[in-house]
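The values are calculated or read from the model by the stated rules, or taken from the named source; none is laboratory data. This is a predicted model, so every value here is computed, not measured. Glycine gets a Cβ as well: all are built from the backbone with ideal geometry, and neighbour counts include every protein chain shown.
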Amino acid sequence: MTYLVLFAAALWAGIQNALAGGGSFITLPSLMLTGMDARAANITSTVALFPAQLATGWTGRRHVAGAAGLSFVFLVVISLVGGALGAVLLLVTPPTFFARLVPWLVLFATIVFAWGSFGPRGAARPRLNRTGAAIAQLCISIYGGYFGGGIGFMMLAALTAAGLVLRNAGATKNVLAGVMNASAVAIFVFSPEVRWVAAGIAGSGAIIGGIVGGLMLQKVNERALRVVVVVIGIALTVGLFLRSP
């Protein structure tokens, strides 16, 4: 029954990632319900969602682009390095410390997602030059390898600030999200904290969900979905703070 719930949650996470992002808000607590601690659940979630991210990135590969004078290849390299650094940082973080940190990370990701989704459109937006874009992508990649919640929207904000139009920024961030997680997954597969049965079940659900989400993309009210993501993030944050050691 627990694995059935996990599959259903991962299915929804795959749909959510394809439509609006924030799928890890679903898989993280679902994996914790199977008995994992927060760090093991985060590592397993990253591994489980990775195949679906590859599928999403491949679908939009024709629209990827460099930004602020940086080539796409350079952004890929930055993402690989940052993702690996974040993954190593996670592995050396004591599980008890990470358990205390997770509520704050989820809160931060929820605030970023909510501001990007519902913040004032008329407000002045930052503009990133070549150096700023490189630093932003490196920081996001390190955060992505370490935790990952909200990286899609962070990259979307950074890439549009670096001059990309929304369509290209969306396709580029999908590929870069897969890239940074590729380096993290390459490290995590050697960790005994990956729960492979749970990762396989969640990964299968996420892939199916990603395909379904792609088909739904033109029909679902994205704003309503973003409201659901924020509500889930708030509920998860409250729950994690209540459970935090």
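Points to keep in mind about this one:
- Taking residues in the range 1-12 that are over 16 Å from A41 (Cα atoms) and at pLDDT 90 or above, and partners anywhere that are assigned to a helix (DSSP H, G or I) and β-branched (V, I, T), the pairs with Cβ atoms closer than 8 Å and at least 6 places apart or on different chains are L11/I208; L11/V212.
- Residues of the range 26-41 satisfying the condition of being touching a Ser or Thr at 6+ places or on another chain (Cβ under 8 Å) and touching a residue at least 40 places away in the same chain (Cβ under 8 Å): T27, L28, L31, T34, M36, R39
- Being surrounded by 15 or more Cβ atoms within 10 Å (Cβ to Cβ) and either at pLDDT 85 or above or of a type outside the set (V, I, T) (or both) is not true of S71.
- Across the range 177-233, the qualifying residues are those that are β-branched (V, I, T) and in a loop (DSSP other than H, G, I, E, B), and the one among them that is modelled with the lowest pLDDT is V220.
- Which listed residue, of I15, I43, I78, I26, is more than 27 Å from G205 (Cβ to Cβ) and either of a type outside the set (A, V, I, L, M) or crowded, with 19+ Cβ neighbours inside 10 Å (or both): I78
- When the range 155-184 is filtered for residues that are within 15 Å of the chain's Cα centre (by Cα), surrounded by fewer than 23 Cβ atoms within 10 Å (Cβ to Cβ) and more than 10 Å from S79 (Cβ to Cβ), the ones remaining, listed by number, are L156, A157, G170, A171.
- A84 vs. criteria under 20 Å from the mean Cα position of the chain (by Cα), under 14 Å from L176 (Cα atoms), at pLDDT below 80 and part of a helix (DSSP H, G or I): no
- Neighbours by Cβ (under 7 Å, 6+ apart or cross-chain): first from the range 45-56, in contact (Cβ under 8 Å) with a residue 24 or more places away in the chain; second crowded, with 23+ Cβ neighbours inside 10 Å and outside any helix (DSSP H, G or I): T46/G148; L49/G23
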